[in-house]
1. Any residue in the stretch A:664-676 that is touching a His at 6+ places or on another chain (Cβ under 6 Å) and either closer than 29 Å to A:W292 by Cβ or modelled with pLDDT under 95 (or both)?
2. Is there a residue in the stretch A:12-31 that is within 11 Å of chain B (Cβ to nearest Cβ), closer than 19 Å to A:L638 by Cβ and outside any strand (DSSP E or B)?
3. Hey, can you tell me all the residues within the stretch B:1-14 that are near ligand 2 (Cβ under 9 Å from one of its atoms) and surrounded by fewer than 20 Cβ atoms within 10 Å (Cβ to Cβ)?
4. For the stretch A:45-68, give me each residue that is open to solvent by less than 10 Å² (accessible area, probe 1.4 Å), at the interface with chain B (Cβ under 9 Å from one of its Cβ atoms) and more than 20 Å from A:C544 (Cβ to Cβ).
5. Taking A:T226 and the conditions (1) among the hydroxyl-bearing types (S, T, Y); (2) within 14 Å of chain B (Cβ to nearest Cβ); (3) open to solvent by 10 Å² or more (accessible area, probe 1.4 Å); (4) out of contact with any Leu (no Cβ under 9 Å at 6 or more places or on another chain), which numbered condition does it fall short on, given that it satisfies the others?
6. For the stretch A:178-220, enumerate the residues that are open to solvent by 10 Å² or more (accessible area, probe 1.4 Å), touching a residue at least 24 places away in the same chain (Cβ under 8 Å), within 14 Å of another protein chain (Cβ to nearest Cβ) and charged (D, E, K, R).
7. Could you list, in sequence order, all residues of the stretch A:414-437 that are over 22 Å from the mean Cα position of the chain (by Cα) and open to solvent by 10 Å² or more (accessible area, probe 1.4 Å)?
8. For residues that are farther than 14 Å from B:C23 by Cβ and in contact (Cβ under 8 Å) with a residue 12 or more places away in the chain, tally how many sit in the stretch B:54-81.
Amino acid sequence: MKRDKGIQEFKTSTWSAGAGCHGGCGQKLQVKNGRLIKVEGNEEHPWNQGRACPRVLALTQFMYHPDRLTQPLKRVGARGEGKFAPISWSEAYDFCEEKLKAIRDRDGAEAVVFVQGTGRDIGGPITFLANNYGSPNVSQLGLSGQSCYTPRLAAMKSTVGDFCVFDASQFLEKRYDDPAYSYPEVILVWGANPPPTCADGFFGHWIVDCMRRGGSQIICIEPRHTWLSSRAKYHLQLRPGTDGALALGMLNVIIQEGLYDQAFVERWTVGFDRLRKRVQEYPPARVAAITWVPEELIVAAARLYATAKPAGLHWGLAVDMAPEGTSVAQALTHLWSITGNVDIPGGNVIARPSHGVTTYPYTTEELVALFGQEHMDRASQKRIGADRYPMVKGFRAWAHPDLTIEQIDSGKPYPIRAAWIQSANLLAGQAARTKFHYEALKKLEFVVVVDLFHNPTTMALADIVLPAATFAEKDSFRSWWAPLGVIQKAVQVGECKSDWEINFEMARRLNPDVGRRYATVMELFNRRLANADTTFDQMVARGCWAMPPEGATKPYRRHERGLLRPDGSPGFNTPSGKIELWSTAFEGWGLDPLPFYREPAQSPVSTPELFAKYPLILISGSRISTLFHSEHRMIPWLREKHPDPLVDIHPDTARDSGLREGDWVYIENDLGRVRRKVKLSLTVHPQMINTVHGWWMPEEEGAEPHLFGVWSYQINQLIPGPQESGSGFGGGQYKTTLVRLSRINEEKG
Amino acid sequence: MSRHGLLIDYHYCTGCQTCEVACQQEHGHPPGQSGIKVTEFVMKGRTKPVIIDHLPFPTELCILCAGRTSRGELPACVKHCQANCMQFGLLPELLEEMLKRPRTVLFRPR
Ligand code: SF4
Ligand code: SF4
């Protein structure tokens, strides 16, 4: 690894802190005298093939930022006063151990909630800590309706028996050059703007690769005009939240016109006739009225998608955030299923964690494999939401976020005493009804926050702050689809530790069994990597990645080859062995086994009076490539590119409200008001506005009441809750809330 | 004067600004300075209701990564461009390439 002039080069994989993202790419870290000096894309890594993103290239500014947390801290003033004193790691561990044990003895382990943010490296270690402590309550607290990927995962699992992803050749070592691969003729991109991010373990620019190298045409389902929509063959500019109707309308066209793959449907699916009957309720004319998409466009898009061979479908968060997100995701799963695009090159391929290795357990099944059936059964009895929403128990063993915050507030049916919040700045990020979350969390007697910088969450809530490492400062591993990857430590910054190290040490103290099972955290990694017949060191030696071998975790056409079912017979991993268009899993959970449409809780249709008062539909959470969620606001190279929280307003709408470019406005509704700077933009529909989320000002006062300006800029203050999906999964109103604008009459907002 | 240039296939430039930060990291430019800067164009279009284009422009600070290219490496922006829409090469060769591809722009920064 020696390079010139005393520079050492570490090849590694990314995930989480630093670049912030869902990770997966290969980067080369150049280190001199123990300090990271440069990041270079690793051209040998099949994921990114040498490319990088702005966030990872700004890593030096992130890691060595003067405000970086580098020592454990203990609160010394009142909570929120912003007074902390450095303590040693052993003092911090002792203190947390004592508090957490006392709470467990008094109120039971379920009285502690373990909180994570989006799907990152944290998923493995936080589940490990919570389960070894004995708490069933791990939660993406604040994320109303668990509306991030879980609805999509649940729908796929309940229909196909597995998860699927759009195939951009990411499971193949030679990528696009592998002869087994074919570019899709058409990619249906639904509720996603892939270029800015690598959401859900998918490098956004793979879509661009398919367009540029493979000539793939795009059908874009998106309320805004985006770069992608301006390159699309068809752009269906739907009203936010009406995705379910549009999906059913497209299924209607495909089924009515006989454009589905009849041989595939016959051989590999069940429930088609019932689906056919259901879609009769959604003729294109009705769907056009619901969605605001012209009927001809719905028909044309459905025809193009169904007749292209192969066709891929790539989707995003907006699917989950539609009302009944799980049902919307089911309808989209049906689109690729009835057109025979399952597990074929350029279609939607079955995605399993590479080599069968678990890093971040997504499902109850994986948790059972790690912690045992008996433990999980016991945990399920107390898990928040398990009695209300069968999917909490049956699919994703997490505490339900909306119910968790209600319980923290009410103390019913049992009290919550403490929170362990790790890599989740929820007060500036995912928390809908932010003030309610803030007030409820303030009632807790003990809060630990593990993070990399002070932020509104550490300031408002933390009794103990633990400094976490970026991916460049830690050993870890990932198996989010493919390839299997390891992350190797290149440097140390201050006293920062990795989430795995911190949680392993805490788990060892809270459950003596952990120490008996694993001498070190590395032994734990190696135990989990054993499924791939490899070790951490072997993975580092081979460049930190390995593509799945022939078998269950490598495409294509595994259902034909008997690679999906535990009994080894051909078919899918469902009770019937077929793709269940009429889902027996949903039926078992008391849900509608077929997809259906529900109007957003707030909309011109469902709440006309509210719409008269608040005539704009707020789309929040749109992504930009230089900032990930609530991160990176303090990184000079990144912040300069987006210095202010902007709201996109159509010029006609702005003119009617007397607003000009650069004015500061309040976006407001009954829940409050939030500041934004006006950007006039043709990209939004005149009846909608669009804004980015995650805003706080690290350069402003951190202590209460200011909390880095979070109450001025946090857009999720306006997002109502609790979510209203019948399944409990989907429907956080982050993209469908009604608001109005009012001008701020000041020099500068 | 360099015989090299940058050919940019702006049809595929997504405006991700990776090139800007790549250059800033490579050359240690402070915020506010970079060898390349991306501009966004949004307007009513002819074939689409709204078109969105981006154009990365090499500024006076662009030295075509003399150090990297002399070692046989690609310029920092070209290598890291997420859309792979930038090409570094000899001007005559890039011009040949340009003749084959519409919606491209050829820069000779120095
Ligand atoms: S060629 Fe080098 S110096 Fe020029 S813009 Fe690209 S990165 Fe900057
Ligand atoms: S990195 Fe490439 S795609 Fe991104 S803005 Fe620069 S030129 Fe465009």
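1. Let us first name the residues in the stretch A:664-676 that are touching a His at 6+ places or on another chain (Cβ under 6 Å), namely none.
Scanning the stretch A:664-676 turns up no residue that is touching a His at 6+ places or on another chain (Cβ under 6 Å) and either closer than 29 Å to A:W292 by Cβ or modelled with pLDDT under 95 (or both).
2. To start, the set of residues in the stretch A:12-31 that are within 11 Å of chain B (Cβ to nearest Cβ) comprises A:25, A:27, A:30.
So of that shortlist, the ones also closer than 19 Å to A:L638 by Cβ come out as A:25, A:27.
Next, only the ones that are outside any strand (DSSP E or B) stay: A:25.
There is at least one residue in the stretch A:12-31 that is within 11 Å of chain B (Cβ to nearest Cβ), closer than 19 Å to A:L638 by Cβ and outside any strand (DSSP E or B).
3. B:Y10
4. Scanning the stretch A:45-68 gives A:P54, A:A58.
5. Evaluating A:T226 over (1) among the hydroxyl-bearing types (S, T, Y); (2) within 14 Å of chain B (Cβ to nearest Cβ); (3) open to solvent by 10 Å² or more (accessible area, probe 1.4 Å); (4) out of contact with any Leu (no Cβ under 9 Å at 6 or more places or on another chain) leaves (3) as the failure.
6. If the condition is that a residue be open to solvent by 10 Å² or more (accessible area, probe 1.4 Å), touching a residue at least 24 places away in the same chain (Cβ under 8 Å), within 14 Å of another protein chain (Cβ to nearest Cβ) and charged (D, E, K, R), then A:R213 is the only one that fits.
7. Of all residues in the stretch A:414-437, those over 22 Å from the mean Cα position of the chain (by Cα) come to A:414-418, A:435-436.
Within the stretch A:414-437, A:Y414, A:P415, A:I416, A:R417, A:K435, A:F436 meet the criteria.
8. Number of matching residues: 2.
The values are calculated or read from the model by the stated rules, or taken from the named source; none is laboratory data. From a predicted model like this one, the values you see are computed outputs, not experimental measurements. FYI the Cβ positions are ideal-geometry reconstructions off the backbone, even for glycines, and counts take in every protein chain you see. Please note that ligands, DNA and RNA were not included when accessible areas were found on the heavy atoms of the full protein model with its side chains. Shrake-Rupley method; radii C 1.70, N 1.55, O 1.52, S 1.80 Å.
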